[in-house]
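Take a look at the structure set out below.
The values are calculated or read from the model by the stated rules, or taken from the named source; none is laboratory data. As the structure is a computational prediction, the values presented were derived from the model and not from experiment. Don't worry about glycine lacking a Cβ; one is built from the backbone with ideal geometry, like all the others, and counts go over all protein chains shown.
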Amino acid sequence: MNEIFETEDGSKSLKSLDFGVSYHSKHGAVQETKHVFIDAGLDFRNQSQSHIDLLDIGFGTGLNALMALQWAQLNQVKVNYVGIEAYPIHLDTAILMNYPQALDEGDKLDSVFRSMHEVESGVTLELDPYFSFEKRISKFETIEDKKAYDVIFFDAFAPNAQPDLWELDLLQRMYDALKANGVLTTYCAKGQVKRNLKALGFTIEALPGPPGKREMTRAIKS
């Protein structure tokens, strides 16, 4: 079960009552996503290339996907998005999220956001000339993609809630899924997580975190 709450920037988020953690920072869902994933991930990786292959761990409320679509439109870079989600939220809950309005594109993004939640697992939607979308309903541990992605948004629940998602086995799958010079970005700055990433061969960058958080992590497959 999930509980809806409003974050400090006016955008909504969910608290998982099963895991005891929220999907986004209470200081602002939109500003956290922009800082951690859009700015530190897509903006950083964009090097005048024609397209970016993006893996989102996990799809969650759909905010990462919606903001990636908006970024693709603004930058006119084709983003091929794949979001993995083991526990999809109900459509009725998704509709209550105010992200299209929070991004100042309510009329434009409402139907797109609904489609993201309604589409069946494994079906690819061309939501925009600059954005293709696929959602896979499966556990993160099933990922077997090899050298397929330029960017990974690693947005799993925090290590204190789901520690197995931050251990070597799953992070190895992330390393294998990235192309050379691919980027993994996450809000987490826990020391053991950074050591695990480094042990796998990532180059680690400690970056200033979003509001309310001192630090975040960017890992590059060098």
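What the table below lists for this structure:
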quantity	calculated
Members of region 65-81 that are crowded, with 24+ Cβ neighbours inside 10 Å and under 16 Å from T185 (Cα atoms)	A65, A68, Y81
Positions within region 125-149 being among the acidic types (D, E), touching a Leu at 6+ places or on another chain (Cβ under 7 Å) and assigned to a strand (DSSP E or B), in sequence order	D128
Matching residues in region 183-212 - criterion: being assigned to a helix (DSSP H, G or I), over 15 Å from A158 (Cα atoms) and of a type in the set (A, V, I, L, M, F, W, C)	L197, A199
Qualifying residue in region 64-82 (condition: in a loop (DSSP other than H, G, I, E, B) and of a type in the set (A, V, I, L, M, F, W, C))	yes
Residue match in region 143-154 (condition: modelled with pLDDT under 95, surrounded by 14 or more Cβ atoms within 10 Å (Cβ to Cβ) and under 29 Å from K213 (Cβ atoms))	no
Any hit, region 185-193, residues being touching a helix residue (DSSP H, G or I) at 6+ places or on another chain (Cβ under 9 Å) and surrounded by fewer than 13 Cβ atoms within 10 Å (Cβ to Cβ)	yes
Test: residue in region 86-103 that is over 20 Å from P159 (Cβ atoms), crowded, with 21+ Cβ neighbours inside 10 Å and without any contact (Cβ under 8 Å) to a residue 40 or more places away in the chain	no
Any hit, region 26-49, residues being closer than 17 Å to F153 by Cβ, under 14 Å from the mean Cα position of the chain (by Cα), in a loop (DSSP other than H, G, I, E, B) and hydroxyl-bearing (S, T, Y)	no
